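Q: My structure is below; once you've seen it, I'll send some questions.
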Amino acid sequence: MVRLSGFCTLLVLLASTHASAQAIDAYRSPVDVAIGPQAKWLLTANQTSGTLSLVDLSTGRVLDEISVGARPSYVVLCADGHTALVSAADEGLLVKVQIDAGKLKKIADIDVGFDPHGIAVRKDGTRAFVALPSGHAVGVVDLVQNRLIEHSFPGPLPRYLTLSPDDSRLAVGLSGDGTIAVMETVGNSVLYATRIKGLNIGHMKTSADGKQVYFPWLHYGENIPSPSNIRRGWVLGNRLGRVDLTEDALDEVLSLDTEGNAVADAFGLDLSPDESHVVISASGTHELLVLRLTDLKMYTVGSTEHIDQELLDDSARFARIPVGGRPMGLEITPDGESVYVANYLLDAVQEIDLATRTIQRTIPLGSQVETTLARQGEALFYDGDKSFDRWYSCHSCHYDGGSNAEIFDTRNDRTIGTYKTAPVLWNVSQTQPWTWHGWQQDLRSAMQTSFTETMQGKRLEEQEVDALIAYFDQLKPPANPYSRESSAAAAVARGKAIFFSDKSACSSCHAGENMTDGQMHDVGTGHRRDRYDGYNTPSLLGVYSKVRLLHHGRARNLKEVLTEHHAPENVAGEPLTDQETRDLVEYLKTL
């Protein structure tokens, strides 16, 4: 059974491809938009409901809505103006949709595997490139035959990408190692990669001359989250990045944060048609950022951790537009006068006038749905206002409830200098105790510690704690792409036998529904500064998706875990053969 991301199982929707906006009593949670020709209509990819909506922009009315599969993450309109592609992440599908006479019609479900996110389409409409984060791959799709034809592997966690205007080059944001890879589209080889030391790289846009790529990202300063470090921008900070698409050159960067009133979780981005402005959504601080590009100074070296004062002093050059909710993907109209943004928590699309910097209208995507306790908790999880000076949210480190690609010193282990990976939060309500050393025995207390010490914010109200727990109660691992694979079935079966054998002894600690015994174990990977003995057995569910493994993050893949840092013979088992190791890895990837 495919899991729908969110809080409602849409039986009425699953019964038919089409469903009116009024018929679906559920959150939509739009994450992206695509504007049609002459800005007569737009599409929204709705993550919680698993639908695509068609909105008439003259009337603000939803004309049609169809199911496209679980957890849509991106939508793009092809150059013909009537064909769209949607990535359905939890089903491993690239969904091809036709727009005609106010109706949506699904043309094809293209199996691309893994969890498709960003999409870039050639101008002739014959090829699409789709980012597959958990597969660390970019899929190349033949849009004539509607099939995946090959993979390329530019690096870890590619989420979003963009093509050059002549379709010869592809820029890929690699959130797994903080780089932007520039690839040839013929042969799919990586020409060069620009290191930005960034997390959570957002939507990407190429300049009209094909020379530069713009994107928002989260800078990590590798410092402990003390109030002074946070305020200085030495822990996490949001940036606008610019990378050369024609040659391997230094990247350019601009800090987006204001001292004392920062920006959290920059995500969506678009350039105005004349490239005079760039608009960025700051989803964690519920706003849009508008920057004038024509005289914008970006830095290769010497940038501060805060936005330039001269920009703050000139509202024509930089503006922050509060929109509420959680603004995500956005697109500027062809005339450059307005921007439309998908607002996840408002279940709506907002139109913002770029001249007056005001919200012109908010277009609901369905009937109003009662705000559940879990939905309130979800809003808290993504809320940068809960941190000191608004610098980051829970999501900043626990990306969509999962982990991230860096190691952090949060002081949650009562030490300084013992950097650790961010634990995944899937099934966290059922995987006590908490923290890597397991010293937190009460989830409510553990959450308060995270907000007051890691985020240096205020204590939560008890109702807020209730809401977060309700959200965590339904936060499950994404659909596992490897569970759909049949080619490795024999290896998986052998690996499962090894996992539960005395030779590997894996199941002596990783057992039960969540693949953890909830106990502390000293497995020889400690740090001399550790205050507590041993480590809390982590759940193995969704372990395939991690790019940093074990508490210290030194292992970059499962093979390294089993042959180096956490080899069975160094824990409680015996040495494995190369074949046994390969089989065990295949099994672990299916969990």
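Residue by residue, here is whether (1) in the same structural domain as VAL68 (by TED's automatic domain parsing); (2) modelled with pLDDT under 95; (3) surrounded by fewer than 18 Cβ atoms within 10 Å (Cβ to Cβ) holds:
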| residue | (1), (2), (3) |
| --- | --- |
| GLY135 | yes, yes, no |
| LEU143 | yes, no, no |
| LEU163 | no, no, no |
| ARG169 | no, no, no |
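Q: Next up: Need at least 1 residues that are in contact with an Asp or Glu (Cβ under 6 Å, 6 or more places away or on another chain) and among the basic types (Lys, Arg) per element, so show me which strands (runs of 3 or more DSSP E) inside region 211-258 make the cut, counting only ones lying wholly within it.
A: By residue number, 236-244.
Q: Give the residue, chosen from VAL213, VAL235, that is over 30 Å from SER164 (Cα atoms), of a type in the set (A, V, I, L, M, F, W, C) and more than 17 Å from the chain's Cα centre (by Cα).
A: Among VAL213, VAL235, only VAL235 is over 30 Å from SER164 (Cα atoms), of a type in the set (A, V, I, L, M, F, W, C) and more than 17 Å from the chain's Cα centre (by Cα).
Q: Sort through GLY202, GLY187 and tell me the only one that's assigned to a loop (DSSP other than H, G, I, E, B) and modelled with pLDDT under 95.
A: Among GLY202, GLY187, only GLY187 is assigned to a loop (DSSP other than H, G, I, E, B) and modelled with pLDDT under 95.
Q: Further, regarding this structure: Just give me the residues in region 354-369 being over 20 Å from GLY50 (Cβ atoms) and in a loop (DSSP other than H, G, I, E, B), in sequence order.
A: LEU354, ALA355, THR356, ARG357
Q: Hey, GLU370 hits all of (1) surrounded by fewer than 16 Cβ atoms within 10 Å (Cβ to Cβ); (2) within 24 Å of ARG556 (Cα to Cα) but one; which does it fall short on?
A: (2)
Results for (1) among the basic types (Lys, Arg); (2) without any contact (Cβ under 8 Å) to a residue 40 or more places away in the chain; (3) surrounded by fewer than 22 Cβ atoms within 10 Å (Cβ to Cβ); (4) not assigned by TED's automatic domain parsing to the domain that holds TYR392, shown as yes or no for each residue.
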residue	(1), (2), (3), (4)
ALA181	no, yes, no, yes
TYR192	no, no, yes, yes
LYS211	yes, yes, yes, yes
ILE224	no, no, yes, yes
LEU240	no, no, no, yes
LEU256	no, no, no, yes
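Q: Something else: For region 558-591, how many residues are closer than 17 Å to SER487 by Cβ and assigned to a loop (DSSP other than H, G, I, E, B)?
A: The number of residues fulfilling the criteria is 2.
Q: Now, a different point. Scan region 399-418 and tell me whether some residue there is surrounded by fewer than 19 Cβ atoms within 10 Å (Cβ to Cβ), among the aliphatic types (A, V, I, L, M) and farther than 22 Å from LEU157 by Cα.
A: Looking for residues that are surrounded by fewer than 19 Cβ atoms within 10 Å (Cβ to Cβ), among the aliphatic types (A, V, I, L, M) and farther than 22 Å from LEU157 by Cα, one finds at least one in region 399-418, hence yes.
Q: Taking only region 396-443 into account, find how many residues are in a loop (DSSP other than H, G, I, E, B) and either within 25 Å of ASN480 (Cβ to Cβ) or among the acidic types (Asp, Glu) (or both).
A: Total satisfying the criteria: 18.
Q: What do you reckon, is SER73 small (Gly, Ala, Ser) and not in a helix (DSSP H, G or I)?
A: yes
Q: With the checklist (1) within 23 Å of TYR399 (Cβ to Cβ); (2) touching an Asp or Glu at 6+ places or on another chain (Cβ under 6 Å) in hand, flag the one item TYR344 doesn't pass.
A: TYR344 satisfies every listed condition except (2).
Q: Moving on to the next point. Does any residue of region 484-497 turn out to be touching an Asp or Glu at 6+ places or on another chain (Cβ under 6 Å), outside any loop (DSSP other than H, G, I, E, B), in contact (Cβ under 8 Å) with a residue 24 or more places away in the chain and of a type outside the set (Gly, Ala, Ser)?
A: yes
Q: With buried (at least 22 other Cβ atoms within 10 Å of the Cβ) and in contact (Cβ under 8 Å) with a residue 24 or more places away in the chain as the only criterion, which of VAL290, VAL339 stands out?
A: Every option except VAL339 fails the conditions.
Q: Picking from ALA490, ALA505, which residue would you name as being surrounded by fewer than 16 Cβ atoms within 10 Å (Cβ to Cβ) and more than 30 Å from the chain's Cα centre (by Cα)?
A: ALA490
Q: Please tell me if ILE201 is touching a residue at least 60 places away in the same chain (Cβ under 8 Å) and either within 25 Å of SER152 (Cβ to Cβ) or touching an Asp or Glu at 6+ places or on another chain (Cβ under 9 Å) (or both).
A: Against the criterion (touching a residue at least 60 places away in the same chain (Cβ under 8 Å) and either within 25 Å of SER152 (Cβ to Cβ) or touching an Asp or Glu at 6+ places or on another chain (Cβ under 9 Å) (or both)), ILE201 does not qualify.
Q: Related question: For region 545-557, check the following and say yes or no: at least one residue is part of a helix (DSSP H, G or I), at pLDDT 90 or above, closer than 12 Å to LEU588 by Cβ and in contact with a Leu (Cβ under 8 Å, 6 or more places away or on another chain).
A: No, region 545-557 has no match at all.
Q: Right, something else. Read through the list (1) in contact (Cβ under 8 Å) with a residue 12 or more places away in the chain; (2) more than 18 Å from VAL428 (Cβ to Cβ), then give the number of the only condition that GLU569 fails.
A: Of the numbered conditions (1) in contact (Cβ under 8 Å) with a residue 12 or more places away in the chain; (2) more than 18 Å from VAL428 (Cβ to Cβ), the odd one out for GLU569 is (1).
Q: Considering (1) more than 19 Å from the chain's Cα centre (by Cα); (2) within 30 Å of SER49 (Cβ to Cβ), say which one TYR344 fails and leave the rest.
A: (1)
Q: Follow-up question, since we're still on this one. Filter region 111-121 for residues that are closer than 16 Å to MET204 by Cβ and not hydrophobic (A, V, I, L, M, F, W, C); which is surrounded by the fewest Cβ atoms within 10 Å (Cβ to Cβ)?
A: HIS117
The values are calculated or read from the model by the stated rules, or taken from the named source; none is laboratory data. Not measured: the values here are computed from a predicted model. As a convention, Cβ positions derive from the backbone with ideal geometry for all residues, glycine included, and neighbour counts pool all protein chains shown.
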